[in-house]
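Structure, as structure tokens:
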Amino acid sequence: MIRRLPTRVFYGWRMVAAGFGLQFLNAFLINQSFGAYVAVLRDEFGWSKTALSGAFSLQQVEGALLGPAQGVVVDRFGSRSMIRLGLVIFGLGLILLSRVHSIAGFYVAVSFIALGTSLSAFIPLTVALVNWFDRYRARALSFMSLGFAFGGLLVPVIAFSLERIGWRETAFASGVAAIVVGLPLAQVIRRRPEDQGDVVDGIREAADDPPDLAVPAAAPVVGRRDFTAREALRTPAFWLVSLGHGAALLVVSAVAVHAISHLKEDLGYSVGGASLVIALMTAMQVSGMVLGGTLGDRFNKRLVAAACMVMHMVGMLLLAFAASIAMVVGFAVLHGLAWGVRGPLMQAIRADYFGRSSYGVIIGLSSLVTVFGQFAGPLIAGGLADATGSYEPGFAVLGVLAGLGSVFFLFARRPTPPTIAVVATAQGLDLS
């Protein structure tokens with residue numbers, strides 16, 4: 001019989017709230033506001049777009065290369081210490097950014113920021129929540145990810161500060177805030193519920209259930225265990241989910257870098273008008289995250305992800321060939337919803353398929369595959385725009401690639417877990 005713990009709030013939800021706050025800090029202080037810094041620095045120093053864009057690519061590649069090592073450390077020692085270290089490095093990186101006077105100094109500061117955000121955000125937070133949730137895993141990851149989206153909604157606050165107060169002052173204050181606000185949030189993170197005398201989801205089997213007298217004194221049965229990283233790499237599901245995720249990041253990264261330029265240069269919008277479109281997209285992303293948690297816990301996650309890829313495709317095609325405001329709004333709604341619903345499901349699917357034991361290493365290895373989407377999406381869109389004078393071809397190509405990426409999820413069926421011999425005895429279950 002299963003019963004819920006009735007007298008308290010499950011500690012895992014406190015970790016979700018802390019993860020929300022840490023994701024918000026990351027997005028608000030730099031990740032979502034990076035483009036605003038780029039615009040201000042270009043005006044002040046006259047650095048080329050290529051030089052400034054290289055810093056964006058540096059962050060993606062650095063995070064991907066760190067992923068496997070991060071996963072090993074988090075699986076063995078937990079997330080809290082890594083998050084605390086990352087927050088200090090993140091804050092110092094922002095403070096360094098406030099002191100730069102050269103492109104070399106800018107790259108050094110961005111390297112610190114990238115290292116800090118990698119250590120304090122996505123992988124350690126995701127692994128921590130995966131260890132605490134099973135039945136409500138998609139919902140927990142979705143709620144945590146809302147912090148990233150809400151940080152994006154408040155980027156105009158950073159932009160206002162950059163223009164009215166100054167970029168150096170804003171960067172310095174952001175670095176201090178990352179440390180002062182982030183470290184208390186990191187203290188909430190715990191490794192596993194078992195270490196706290198709790199259980200996954202806060203749901204445990206009733207201790208007063210009568211024993212099953214029909215079980216013989218020593219009955220051999222077959223149990224299931226989690227995948228090791230090596231075993232996960234040998235499954236088609238690992239590669240199919242990673243390729244599908246990478247295909248989605250092709251459009252996500254291209255929109256992040258080039259959508260405002262397309263709206264301004266090809267469609268004649270002002271920067272303010274284009275920003276409103278992005279704000280609508282972000283609002284729909286928030287709605288999608290709330291909806292995605294419910295859908296992911298009730299329906300087949302890979303089928304939901306495949307449907308989101310089709311939405312990404314339609315949204316990108318609407319943006320590429322937009323001839324009216326309705327088509328632009330359609331892009332913002334479809335792409336935002338698809339991103340919000342699909343994003344947290346990527347991690348929930350991996351946890352469902354491969355288990356908790358080596359989850360950190362598995363998503364770290366996955367990042368080496370998915371980084372192709374983060375890196376290639378902006379290059380394809382920008383390269384074709386330079387060659388043709390329009391973003392239409394690049395966005396159309398990326399949209400079609402995203403649609404084709406749905407096939408990866410359709411075929412990414414759950415692998416059969418490895419088995420382990422178990423013997424049922426009168427006293428309980430013994431591993432042999």
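Could you give the length gained on full extension between Val176 and Arg230, defined as 0.36 nm per residue of separation minus the Cα-Cα distance, in nm?
On the way: separation 54, 0.36 × 54 = 19.44 nm, distance 4.06 nm.
That works out to 15.4 nm of additional length.
Can you sort Phe45, Phe354, Phe150, Phe408 by how many other beta carbons sit within 10 Å, fewest first?
Working: Phe45 14, Phe354 26, Phe150 20, Phe408 23.
Ranking Phe45, Phe354, Phe150, Phe408 by Cβ neighbours within 10 Å, fewest first, gives Phe45, Phe150, Phe408, Phe354.
Net charge within 11 Å of Arg342 by Cβ-Cβ distance, Lys/Arg positive one each and Asp/Glu negative one each, not counting Arg342 itself?
Working: positive: Lys301, Arg302; negative: none.
Net charge around Arg342: +2.
With θ set to phi - 60°, apply the Karplus curve 6.51 cos²θ - 1.76 cosθ + 1.60 along segment 249-260 and write out the HN-Hα couplings as whole Hz, x wherever there is a Gly or Pro.
Rounded to whole hertz, the list is 5, 4, 7, 4, 5, 5, 5, 4, 8, 10, 4, 5.
How much mean residue ellipticity at 222 nm does the chain get from its helices, if each DSSP H run of length 4 or more adds -39500 (n - 2.57) and you divide by all residues, to the nearest 500 deg cm²/dmol? Before the final figure, lay out the partial values.
Details: 16 runs with 314 residues, N = 432.
Computed ellipticity for the chain at 222 nm equals -25000 deg cm²/dmol.
Defining a contact as two alpha carbons under 8 Å apart and six or more residues distant in sequence, what relative contact order in percent does segment 2-194 show?
Working: 254 pairs, mean separation 80.3, N = 193.
Answer for segment 2-194 is 42 percent.
Under the 0.36 nm per residue contour assumption, what length would be gained going from the current alpha-carbon distance of Val199 and Arg414 to full extension? Each step should come with its number before you reach the end.
Values: separation 215, 0.36 × 215 = 77.40 nm, distance 2.44 nm.
Additional length available on full extension: 75.0 nm.
Could you tell me the relative contact order of segment 229-411? Use alpha-carbon pairs under 8 Å, at least six residues apart, and round to a whole percent. Walk me through the numbers before you get to the answer.
Values: 270 pairs, mean separation 74.8, N = 183.
Relative contact order for segment 229-411 comes out at 41 percent.
Listed highest first by mean packing, meaning other Cβ atoms within 10 Å per residue, what order do 276-283, 308-315 come in? Write down the numbers at each step before the final one.
Details: 276-283: 19.1, 308-315: 23.6.
In descending order of packing, they fall as 308-315, 276-283.
Indicate the gyration tensor shape class of the chain (rounded, prolate or oblate), computed on the Cα atoms with a ≥ b ≥ c the square roots of the eigenvalues: a/c under 1.5 is rounded; otherwise a/b larger than b/c is prolate and the rest oblate.
Working: a/c = 2.15, a/b = 1.60, b/c = 1.34.
Verdict is prolate for the chain.
Could you give the angle, 0 to 90 degrees to the nearest 10, between helix 137-153's Cα long axis and the longest principal axis of the Cα atoms of the chain?
Tilt of helix 137-153: around 20 degrees.
Helix 34-45 versus the longest principal axis of the chain: what angle, 0 to 90°, nearest 10, using Cα atoms?
30 degrees
When a/c is below 1.5 the answer is rounded, else prolate if a/b is larger than b/c, else oblate, so apply that to segment 229-411 with a ≥ b ≥ c taken from the square roots of the Cα gyration tensor eigenvalues.
Values: a/c = 2.40, a/b = 1.69, b/c = 1.42.
In terms of gyration-tensor shape, prolate.
What does the extension gain come out to for Asp386 and Ala51, with contour length at 0.36 nm per residue minus their alpha carbon separation? Don't skip to the answer; put the middle values down first.
Details: separation 335, 0.36 × 335 = 120.60 nm, distance 1.64 nm.
Contour length minus Cα-Cα distance gives 119.0 nm.
Can you give the angle from 0 to 90° between the axis of helix 155-164 and the longest principal axis of the chain, with both taken from C-alpha atoms, to the nearest 10?
The helix 155-164 is inclined about 40 degrees to the chain.
For a footprinting-style exposure proxy, rank Thr416, Thr388, Thr228 by other Cβ within 10 Å, fewest first. Mind showing how you got there, number by number?
Working: Thr416 8, Thr388 11, Thr228 16.
Listed from fewest to most nearby Cβ atoms, that is Thr416, Thr388, Thr228.
Rank these for me by crowding, His101, His258, His335, His245, going from fewest to most other beta carbons within 10 Å. Walk me through the intermediate numbers first.
Details: His101 8, His258 22, His335 29, His245 26.
If I rank by nearby Cβ atoms, fewest first, I get His101, His258, His245, His335.
The numbers here are math on the coordinates, done by the rules we state, and not lab data. Every value quoted in this text rests on a predicted model; they were computed, and no experiment measured them. Cβ sites come from the backbone with ideal geometry, for glycine too, and all protein chains shown count toward neighbours.
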